[in-house]
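Working notes, beginning with the structure itself.
The values are calculated or read from the model by the stated rules, or taken from the named source; none is laboratory data. Owing to the predicted nature of the structure, the values given are computational and were not obtained by experimental measurement. Methodologically, a virtual Cβ is constructed for each residue, glycine included, from the backbone with ideal geometry; neighbour enumeration extends over all protein chains shown.
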Ligand SMILES: C[S@@+](CC[C@H](N)C(=O)[O-])C[C@H]1O[C@@H](n2cnc3c(N)ncnc32)[C@H](O)[C@@H]1O
């Protein structure tokens, strides 16, 4: 079962914002005029990047009156993109301090500090009162959280009646063992990848209703092809997490899956 310390160690990376700015400079983009869209190739840590974030935002039916919770927000890339696209307020929470530090700095550069708030903490014990948010999303985080029922009941608690929770995770749909390392875990010990039904059972047990389900394998296949066109070949005998994931998805063992859950009004 993944432990908090192991997950933080897996994702740790000091001075992420600095490294992102260096990559932007190498691409000929200056710090001034940085926007969430410009940052997206560097701060969206899920398959499909900004395209997938926009798809989730559209399916959530967000508007400027909504307050959105981003569970496991990483460095805040998706939170900033959604804030700018929809005008809504976004609060993100993530276990990894380095990601939150970078996210706060990137918010400042994007002048989004008033609209996007990022806090370090666990999805299983969130520092928010009951019925605080109209919408919640969680992008590629559940693969690190074994306690799916604890996760679902905590999100259910902080959602307002009528609220919607979007989950976009890699889920197990085939029968083969997963070939680690994966982007979210070096070994099976840090992974909690599960079939869609495990998420659905946990959500129903917490009080949610399932409103829709989407298999995004086709969109992901195009995303993998585009990235692999320019990605350098790995050195011999060096495992490549991204290539491993692409193989798991194209072979039908893992599926990028979106599940939308509703809390009764
Ligand atoms: C693959 S990244 C995705 C980040 C972000 N959602 C995105 O799409 O850019 C997974 C994130 O989940 C976070 N995470 C894992 N377990 C968590 C937990 N129990 N509570 C909060 N965040 C968690 C990690 O720290 C990491 O930032």
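Structure summary
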read-out: Residue pairs meeting the criteria (Cβ under 8 Å; at least 6 apart or on separate chains; first closer than 15 Å to residue 182 by Cβ, in segment 136-147; second near the ligand (Cβ under 7 Å from one of its atoms) and part of a helix (DSSP H, G or I)); value: 144/7
read-out: Top-ranked residue of segment 1-47 - restricted to ones that are in a loop (DSSP other than H, G, I, E, B) and closer than 18 Å to residue 85 by Cα, ranked as modelled with the lowest pLDDT; value: 33
read-out: Any hit, segment 112-120, residues being in a helix (DSSP H, G or I) and touching a residue at least 12 places away in the same chain (Cβ under 8 Å); value: no
read-out: Some residue of segment 178-188 being over 16 Å from residue 49 (Cα atoms) and assigned to a helix (DSSP H, G or I); value: yes
read-out: Residue count, segment 50-78 (criterion: within 9 Å of the ligand (Cβ to nearest atom) and either surrounded by fewer than 20 Cβ atoms within 10 Å (Cβ to Cβ) or under 23 Å from residue 114 (Cβ atoms) (or both)); value: 10
read-out: Residue under evaluation residue 27, criteria (1) loosely packed, with under 13 Cβ neighbours inside 10 Å; (2) within 28 Å of residue 249 (Cα to Cα), criterion not met; value: (2)
read-out: Qualifying positions in segment 86-107 - more than 15 Å from the ligand (Cβ to nearest atom), in contact with a helix residue (DSSP H, G or I) (Cβ under 9 Å, 6 or more places away or on another chain) and not in a strand (DSSP E or B); value: 86, 88, 105
read-out: Filtered residue count, segment 214-240, keeping only those that are more than 17 Å from the chain's Cα centre (by Cα) and surrounded by fewer than 16 Cβ atoms within 10 Å (Cβ to Cβ); value: 18
read-out: Of all residues in segment 178-190 being in contact with a helix residue (DSSP H, G or I) (Cβ under 8 Å, 6 or more places away or on another chain) and either without any contact (Cβ under 8 Å) to a residue 12 or more places away in the chain or within 14 Å of residue 141 (Cβ to Cβ) (or both), the one that is surrounded by the most Cβ atoms within 10 Å (Cβ to Cβ); value: 184
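This table checks each residue for (1) part of a helix (DSSP H, G or I); (2) within 16 Å of the chain's Cα centre (by Cα); (3) touching a residue at least 60 places away in the same chain (Cβ under 8 Å).
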position: 149; (1), (2), (3): yes, no, no
position: 155; (1), (2), (3): yes, yes, yes
position: 166; (1), (2), (3): no, yes, yes
position: 192; (1), (2), (3): no, yes, yes
position: 198; (1), (2), (3): yes, no, no
position: 202; (1), (2), (3): yes, no, no
position: 212; (1), (2), (3): no, no, yes
